[in-house]
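Novice: Before anything else, here's the structure in question.
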Amino acid sequence: MEAVRRVWGYDTLRPLQAASIEAGVSGRDCLTVLPTGGGKSLCYQVPPLVTGKATVVISPLIALMRDQVRGLKLNGYEAGALHSALDREDAREIESRLLRGDLLLVLAAPERALTSGFCALLAKLHDAGRLGAIAIDEAHCISQWGHDFRPEYRRLVELRRIAPGVGMQAFTATATPRVREDIVRQLGLEDAEVLVGSFDRPNLTYRVRHRRDAAEQTIEAVRAMHDRGEGGGAIVYCLSRADTERLAESLRVAGLDARAYHAGMDKGPRHDVERAFTNESLDVVVATVAFGMGIDRSNVRLVVHACLPKSVEAYQQEAGRAGRDGLGAECLLLAAPSDGSRWERLILRSASESGADPSAQLALLDDVRRFAGALLCRHRALCEYFGQSYEPENCGACDVCLGETREESDSAVLAQKLMSGVARTGQRYGAGYVADVLRGAVTDDVVARGHNALSVFGLLAKRSRKEIMVLLDQLVALGALRADEHRVLRFGARGVAVMKGEAGVRLAAPLGVRGAGSERRRERGRVVDAAPLTIEEREVFERLRGLRKRIAEESEVPPYVVFSDATLREMARLLPRSPEQLLEVKGVGRRKLEMFGEAFLEEIVAGAGG
Ligand code: ADP
Ligand code: ZN
């Protein structure tokens, strides 16, 4: 704890950090599962300071490694990173410092860690009794059931043979019980302590909306973020590369500074976007899921999914990039009936190309459709998905608990009507056609097939085509219907029960489907453990952000590495006038005080009018 206070300036450890650090210090095997932003890095950074022995960290993302090393340096903590982008000279330098004992933490990419050179280094360290622990970051990469499988992770167990008796600590943010077991087994963790933190992210507000118009709804959300005046960034996720370009363009037309990002872009421009977002000269990125893996900006205030994600794990991971600094942030998921079938086609196509079995992927897709379609507290649904219970009756931070969704007054009967529409037309058509029949549209197709004579024709005459499609999609999500690869709706596993009115279905009224005006306004930006700043405080905060940006540019580090938003807020509120007072602020350690203290104190004095 002494070390944590001195180096990082934190006065308490987060839940499970103490236990995880303790495992690292005493050399026990351990798996730590903490959500994004839970503070996993600290768990492997502290033990070397206590034991004086080196920790080797396996981590897959070069960009993050570099930022981490720079960030530690600012705290006066020497660390090194070994990866393919490093030249020979620098790598050798790191290795010799490690052997001399003046470097206690080294991060290495998995492919690097498996080279003979690295294994020899590890063996030397071990023989000299200087190797304290091996840490595996992003350990879910080892499992096919995780969302980011990397085959080279499977070979990391070899490191154990090189360094027998050295404890191995694995870390991950997303792990269903199945992935957890996989990690323990494949890394050969012995008597491993498994520390599972709470998956809930109370500072995130989740909302699921019907996607009316992705551009319009996204623009509204980004403007609301700007209006709250908290600064910070927004990530908008799209399914395809073309979608990112199109949506980014729409945002620009609306006057927002937004850029697209996807894996099909050239390295140069892609890198520019990453860098601009990280150093806060760009606040809105419209991206495929390729964006974010290497991005570590802690003040992302908004994550929009412009399309259903492909699994709940992926959602937790992507939405989890919001609010890593612990302050309030918004997660908005825009979904439409076509999303599920679009994913299905992609999954089936890639399965037929690779010859892999698509059933696991399809099952994960069903789960996320259920998540989006259900009228259940989002915080609760996410916790339960990851095998945890959720206590609060009302989370106060999701569309369901905030009363922004409305349930259909007679869900069971409505569901029966919808199911009849599918049944009477012979389970042979897609949602659009079934909707036409149910609303009583006299189209050429309907007439040609004689469906205008059916008893279900016009059964839901008051509803729009779109609305009926949204309702049908919910039935798919609930397992009452399923859509085959041609998007034809058929009865699903729970179809008969729903038809008989025995399933207790709850259907959400499709809010905002008819038109823009009917959706209720909601701009209750909820901020956990931080009341909104007053106008004066916000002015100081903005000045401090400006200063932080200048310092970050000079020292070529991302701004959050200098100080987090949470730290700047606290400064703006407490207005420390002396180095001692500044040291009281969470996130200010001795080293940073020495380096930046004066500059920030001056800015505070200037900002607060002397
Ligand atoms: P993870 O790797 O689990 O996603 P990080 O290790 O990046 O999370 O930590 C997230 C943020 O929380 C960082 O800004 C970090 O400085 C901060 N943090 C970690 N531990 C503590 C603590 N004990 N007290 C205050 N802030 C902390
Ligand atoms: Zn809720």
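Novice: Tabulate in residue order the Karplus-calculated ³J(HN,Hα) for segment 396-401, using 6.51 cos²θ - 1.76 cosθ + 1.60 with θ = phi - 60°, rounded to whole Hz; enter x for Gly and Pro.
Specialist: Using θ = phi - 60°, the values come out as x, 9, 8, 4, 5, 6 Hz.
Novice: Considering the options Ala423, Ala248, Pro269, tell which one lies farthest towards the positive end of the dipole of the chain, charges being +1 on Lys and Arg and -1 on Asp and Glu at the Cβ, about the Cα centre.
Specialist: Ranked along the dipole, the leading option is Ala423.
Novice: Once you place label points 7 Å from the Cα toward the Cβ at Lys586 and His486, how far apart are they in nm?
Specialist: Label at Lys586, label at His486, 5.8 nm between them.
Novice: Quick check: residue separation of Glu384 and Ala242 times 0.36 nm, minus the Cα distance between them. What number comes out in nm?
Specialist: Details: separation 142, 0.36 × 142 = 51.12 nm, distance 3.45 nm.
Taking 0.36 nm per residue and subtracting the Cα distance, the gain is 47.7 nm.
Novice: Amide H of Ala356 versus every other amide H placed in the peptide plane: which residues, excluding those fewer than 5 positions away on the same chain, fall under 5 Å?
Specialist: Those qualifying (amide H under 5 Å, at least 5 residues apart or on another chain) number zero.
Novice: Let me ask you something else. Go ahead and estimate [θ] at 222 nm for the chain from helices alone: -39,500 (n - 2.57) per DSSP H run with n ≥ 4, summed, over the residue count, rounded to 500. Kindly include the intermediate steps, with their values, before the conclusion.
Specialist: Numbers: 26 runs with 280 residues, N = 610.
The helix contribution divided over the chain gives -14000 deg cm²/dmol.
Novice: Name the long-range amide H neighbours of Val236: under 5 Å, sequence gap of 5 or more, or other chain; modelled H, no Pro or chain starts.
Specialist: Val285, Val286, Ala287, Val304
Novice: Please work out the ratio of the alpha-carbon Rg of the chain to 2.2 N^0.38 Å and round it to two decimals. Write out the running numbers ahead of the final one.
Specialist: On the way: Rg = 26.4 Å, N = 610, 2.2 N^0.38 = 25.2 Å.
In units of the 2.2 N^0.38 Å rule of thumb, it is 1.05.
Novice: Rounded to the nearest 0.05, what FRET efficiency do Ala18 and Arg223 have when you use their Cβ-Cβ distance and R0 = 41 Å? Numbers along the way, then the final one.
Specialist: Details: r = 42 Å, r/R0 = 1.02.
Computed FRET efficiency for Ala18 and Arg223 comes out at 0.45.
Novice: Related question: What is the helix-to-structure angle for 337-354, meaning the angle in degrees between its Cα long axis and the longest Cα principal axis of the chain, kept from 0 to 90 and rounded to the nearest 10?
Specialist: So the inclination is approximately 60 degrees.
Novice: Using the heavy atoms of the protein chains alone and a 1.4 angstrom probe, what is the accessible area of the chain per residue in square angstrom? Before the final figure, lay out each step's value.
Specialist: Numbers: 25590 Å² over 610 residues.
On a per-residue basis, 42 Å².
Novice: For helix 62-74, report the angle its Cα long axis makes with the longest principal axis of the Cα atoms of the chain; keep it between 0 and 90° and round to the nearest 10°.
Specialist: Approximately 40 degrees, to the nearest 10.
Novice: If you don't mind, another one. Each label point is 7 Å from the Cα along the Cα-to-Cβ direction; what then is the distance between the points at Val253 and Glu594, in nm?
Specialist: Between Val253 and Glu594, the simple spin-label model gives 5.5 nm.
Novice: Once amide H atoms are built 1.01 Å from N in the peptide plane, which residues 5 or more positions from Glu138, or in another chain, come under 5 Å H to H?
Specialist: Placed amide hydrogens put Phe171 under 5 Å from Glu138.
Novice: What list of ³J(HN,Hα) couplings, whole Hz, do you get for segment 48-59 from phi and the Karplus terms 6.51, -1.76, 1.60, once you set θ to phi - 60° and write x for glycine and proline?
Specialist: Result, rounded to whole Hz: x, 5, 8, 8, x, 9, 7, 10, 9, 10, 8, 9.
Novice: In sequence order, what are the phi-derived ³J(HN,Hα) couplings for segment 569-585 according to the Karplus relation 6.51 cos²θ - 1.76 cosθ + 1.60 with θ = phi - 60°, rounded to whole Hz, with x for glycine and proline?
Specialist: 4, 5, 4, 5, 7, 7, 6, x, 10, 9, x, 5, 5, 5, 5, 5, 6
Novice: With r as the distance between the Cβ atoms of Arg155 and Arg178 and R0 = 25 Å, compute the FRET efficiency 1/(1 + (r/R0)^6) and round to 0.05.
Specialist: That pair, Arg178 with Arg155, gives E of 0.75.
Novice: Students often get this wrong: which residues of segment 101-128 have the backbone nitrogen under 14 Å from the point 7 angstrom along Cα-to-C-beta of Arg88?
Specialist: none
Novice: Let me ask something else. Would you please state the base-10 log of I(q)/I(0) at q = 0.11, 0.15, 0.21 1/Å for segment 1-77, with intensities from the Debye formula using one equal scatterer on every alpha carbon?
Specialist: -0.27, -0.52, -1.09
Novice: How far apart, in nanometres, would the label points at Leu574 and Lys417 be if each is projected 7 angstrom from Cα along the Cα-to-Cβ direction?
Specialist: Spacing of the two 7 Å Cα→Cβ label points: 6.0 nm.
Novice: Once the other residues with Cβ under 11 Å from the Cβ of Gln427 are scored (Lys, Arg +1; Asp, Glu -1), what is the net sum?
Specialist: It works out to a net charge of +3.
Novice: Along the Cα-to-C-beta direction of Asn452, a point sits 7 Å from the Cα; which residues of segment 405-439 have their amide N less than 13 Å from that point?
Specialist: Flagged as within label range: 437.
Novice: To continue, here is another question. Rounded to the nearest 10 degrees, what's the angle between the helix 267-278 long axis and the longest principal axis of the chain, both from Cα atoms, 0 to 90?
Specialist: Orientation of helix 267-278: about 80 degrees from the principal axis.
Novice: Cβ under 11 Å from Pro392's Cβ, Pro392 left aside: what net charge do those residues give with Lys, Arg +1 and Asp, Glu -1?
Specialist: Working: positive: Arg380; negative: Asp200, Glu391, Glu393.
Neighbourhood net charge equals -2.
Novice: For the chain, give the percent of accessible area contributed by carbon and sulfur heavy atoms, probe 1.4 Å, rounded to a whole number. Walk me through the numbers on the way to the answer.
Specialist: Details: 12330 of 25590 Å².
The value for the chain is 48 percent carbon and sulfur by accessible area.
The values are calculated or read from the model by the stated rules, or taken from the named source; none is laboratory data. Not measured: the values here are computed from a predicted model. Neighbour counts run over all protein chains shown; Cβ positions are idealised from the backbone, glycine included. These accessible areas exclude ligands, DNA and RNA; they are computed on the full protein's heavy atoms, side chains included. Shrake-Rupley method; radii C 1.70, N 1.55, O 1.52, S 1.80 Å.
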